[in-house]
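Visitor: Could you have a look at this structure, given as structure tokens, before my questions?
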Amino acid sequence: VAGGILSNSLALLSDSAHMISDVIALALSMTAVYLASRQPNARYTFGYLRFEIIASFLNGLALVVIAAGIFVEGIRRFFNPEDIDFQLMLVIAGIGLVVNLVLTLVLHRSTKEEENLNVRSALWHFFGDLLSSIGVIVSAVLIYVTGQVWFDPLISLVIGIIIFTGGSKIIRESYLILMESVPDRFNLDDIRRTIR
């Protein structure tokens, strides 16, 4: 965030806002994993597994809200371009890229071990961050080569679209689970026919 403010880069600020949401998303996901391991009791007879889906829904919602903020500021900067310190922007984006790459690989490995929407929603956050960091680096290089600062809001809007797509997918999947809908991989008519 400090780097985004000092360099005046919206792309970097978008990336850092997304990373802050990742910290919250990861905290939610870890809380969900902890609660899911608790035993059922007289009040919660099915246990606490459903909290993982609620956490996924909240994570998806956070992504959509962040994307909306990026769209608003990105459009504003298209019409009111601002000077950017591309060198600082490049250094901080490079650090972000390394951190995001490591975290994305670690979370990706854990999704192979278990099919879990909660972990997948956290992975989407980090995958979005990884793409954001790459986008910021590309933006800094293009600004350096061309001198055109509008690449910064352009990359921000692309980052916003990626974040929004991931968030809306997670919201849809968690909503369908919370509504107890039939999973896509099952055909209810086929199951009924087989049982008959």
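The rows are residues; the columns are (1) surrounded by fewer than 17 Cβ atoms within 10 Å (Cβ to Cβ); (2) among the small types (Gly, Ala, Ser).
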position: Phe46; (1), (2): yes, no
position: Glu52; (1), (2): no, no
position: Ser56; (1), (2): no, yes
position: Leu63; (1), (2): no, no
position: Val72; (1), (2): yes, no
position: Ile75; (1), (2): yes, no
position: Ile92; (1), (2): no, no
position: Leu97; (1), (2): no, no
position: Asn100; (1), (2): no, no
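Visitor: What number of residues within the range 153-196 are among the aromatic types (Phe, Trp, Tyr) and either part of a helix (DSSP H, G or I) or in contact (Cβ under 8 Å) with a residue 40 or more places away in the chain (or both)?
Guide: Start the filter on the range 153-196 by keeping residues that are among the aromatic types (Phe, Trp, Tyr), which leaves 164, 175, 186.
Imposing the further condition that a residue be either part of a helix (DSSP H, G or I) or in contact (Cβ under 8 Å) with a residue 40 or more places away in the chain (or both) reduces the set to 164, 175.
Of the residues in the range 153-196, 2 are among the aromatic types (Phe, Trp, Tyr) and either part of a helix (DSSP H, G or I) or in contact (Cβ under 8 Å) with a residue 40 or more places away in the chain (or both).
Visitor: Could you list all residues from the range 173-196 that are among the acidic types (Asp, Glu) and closer than 17 Å to Ala55 by Cβ? Before you say what the answer is, go through the steps one by one.
Guide: Taking the range 173-196 as the starting set, the residues that turn out to be among the acidic types (Asp, Glu) are 173, 180, 184, 189-190.
If the condition is that a residue be among the acidic types (Asp, Glu) and closer than 17 Å to Ala55 by Cβ, then Glu173 is the only one that fits.
Visitor: Mind checking which helices (runs of 4 or more DSSP H) fall wholly inside the range 1-118 and carry at least 3 residues that are more than 21 Å from Val136 (Cβ to Cβ) and either within 21 Å of the chain's Cα centre (by Cα) or touching a residue at least 60 places away in the same chain (Cβ under 8 Å) (or both)?
Guide: On the way: elements: 2-7, 10-36, 50-79, 86-113.
Answer list for the range 1-118: 10-36, 50-79, 86-113.
Any read-out appearing in this document is the output of simple, stated calculations on the displayed coordinates, not a laboratory observation. Since the structure is predicted, the reported quantities are computational estimates derived from the model, not experimental observations. As a convention, Cβ positions derive from the backbone with ideal geometry for all residues, glycine included, and neighbour counts pool all protein chains shown.
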